[in-house]
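Working notes, structure below.
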Amino acid sequence: MLTVYSKEVCPYCVKAKNFLQLKKIPFQEIDVVKNPDAREKLVSMGLRTVPQIFVNDQLFVEGGFAGLSKLKDEELQEKLITYGIKT
């Protein structure tokens with residue numbers, strides 16, 4: 001399952017979550033405003049923007065929604081298979 005680090009007022013976070021829902025890709029959301037430890041985790045990794053999309057504590061795709069939306073369907077499916085994520 002993917003983990004999407006986001007915040008409520010972020011339009012790119014909404015787009016990323018909508019994209020994943022449309023593709024029927026399971027994810028959990030962590031709001032970095034409500035969870036300061038999660039925000040600190042991202043900052044410690046040099047990530048200062050949201051959304052950030054992870055799988056098993058590894059960055060799934062760089063660039064948040066922009067990086068996600070640039071993936072071709074085949075590339076996305078290959079990444080999901082690599083991490084054992086079923087859609």
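The values are calculated or read from the model by the stated rules, or taken from the named source; none is laboratory data. The structure presented is a predicted model; accordingly, all values stated were derived computationally and were not measured. Here the Cβ positions follow ideal geometry from the backbone for every residue, glycine too, while neighbour counts run over all protein chains shown. Calculation scope for accessible area: heavy atoms of the full protein, side chains included, ligands and nucleic acids excluded. Shrake-Rupley method; radii C 1.70, N 1.55, O 1.52, S 1.80 Å.
Remark: pairs (first residue in the stretch 59-84, farther than 23 Å from Val14 by Cβ; second residue open to solvent by 40 Å² or more (accessible area, probe 1.4 Å); Cβ separation under 7 Å; 6+ apart in sequence or on different chains) = Tyr83/Asn56.
If the condition is being within 18 Å of Tyr83 (Cβ to Cβ) and not aromatic (Phe, Trp, Tyr), then the stretch 46-62 contributes Pro51, Gln52, Ile53, Val55, Asn56, Asp57, Gln58, Leu59, Val61, Glu62. Can you pull out the residues in the stretch 9-30 that are farther than 26 Å from Gly84 by Cβ and modelled with pLDDT of 95 or more? Result: Cys10, Pro11, Tyr12, Val14. Residues in the stretch 36-54 that are in contact with a helix residue (DSSP H, G or I) (Cβ under 9 Å, 6 or more places away or on another chain) and more than 18 Å from Asp73 (Cβ to Cβ): Leu47, Arg48, Thr49, Val50, Pro51, Gln52.
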